[in-house]
Amino acid sequence: MTPYGNIAFFVIIGLLLLPTILLGLRGKSSKRYNLFVSVIVLALIFGHSLNGSISLVLFTVFQVVLIVAYQRYRLQQNSGTIFIIAVLLSILPLILVKVLPILGLHHLFGFLGVSYITFKAVQMILETRDGLMKEKISVVELVYFLLFFPTVSSGPIDRWRRFTKDFHAVPSSEEYQKLLLSGINYIFVGFLYKFILAYLIYNYTLIYLPNHTYNYLTPFQGQLAYMYMYSFYLFFDFAGYSAFAVGVSRLMGIQTPINFNRPFASRNIKDFWNRWHMSLS
């Protein structure tokens, strides 16, 4: 099942998170139940492919062992060489995923979300090197962070320290009401972006422009229009996914950072980059 790909996914998520919402409105913790929900949803996302499931498990075990081992090493020493090796090992599976198909070879770690999980793992190694992660890491919490299902496929990319702060916090009833309303708002924004605006742009503009079926456009104008319309389509589709992820995260008490800040209102390329996919940049 593709995350946020159809209405059925939202129905399932809504039913699974109903106890989370009820507990939150009563000011109760739902950490353990959310862990259970994550396992169920991850099984729905990756369970259709045995190879994908095995790849996900092996990849996650590899990253967890690497992060924990580097943290234990960092508590004793701080060699730049070991840090570089740890980072290279962390991104090695992603490199294989990108390079081996070009060479016509098969790879092991080809599953949905491998890039975003890798980015999370690398930032944990970076923060460990900088001495920002001195507390002992819980393996269960680390796996939950890496495979947090609302963001596993398309981000945003959260930070470990910020994530665990929300994970351990128990919002009061009033605080959770604000999170709930904010989450619902983001989910509706996601529907507007992905299922309405992106859909209309693709089905009523993009599929016609490459063939210049708009007779009043010259070939150059058609290519120019296609460039701009594809940019808008990419934004609304990606920002829609990100809004869904932020909204569902807030229903679970996790304030995942937003990914876009009106990038097309930017004054220059630098400003555009700072507003586009902010959790990555």
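Please treat every number below as a calculation from the coordinates, not as lab data. Please read these numbers as outputs of a predicted model, since none were measured by experiment. For neighbour counting, all protein chains shown are included, and Cβ atoms are generated from backbone atoms with ideal geometry for every residue, glycine included.
For the reader, a short list of remarks on this structure follows.
- Simple spin-label estimate for Ile91 and Phe272 in nanometres, 7 Å along Cα-Cβ: 2.4 nm
- When you restrict to C-alpha pairs under 8 Å that are six or more residues apart and normalise by the size of the chain, the relative contact order lands at 21 percent.
- Scaled against 2.2 N^0.38 Å for its residue count N, the alpha carbon radius of gyration of the chain is 1.11.
- Legend: residue pairs Lys120/Lys270; Lys28/Lys194; Lys31/Lys120, Cα-Cα distance threshold 28 Å; pairs beyond threshold, Lys28/Lys194.
- Modelled FRET efficiency - R0 30 Å, Leu234 with Ile84, Cβ distances, 0.05 increments: 0.35
- Computed from the Cβ-Cβ distance with R0 of 30 Å, the FRET efficiency linking Leu126 to Phe36 stands at 0.45.
- Charge dipole of the chain about the Cα centre (unit charges at C-beta), most positive-ward option of Met252, Pro93, Ile40: Met252
- For segment 30-168, average projected area of the Cα convex hull in nm²: 8.7 nm²
- Potential extension, Ile184-Leu58 segment - 0.36 nm per residue separation minus Cα distance: 41.9 nm
- Size of electric dipole in the chain: Cβ of Lys, Arg +1 and of Asp, Glu -1, about Cα centre, debye, nearest 20: 540 debye
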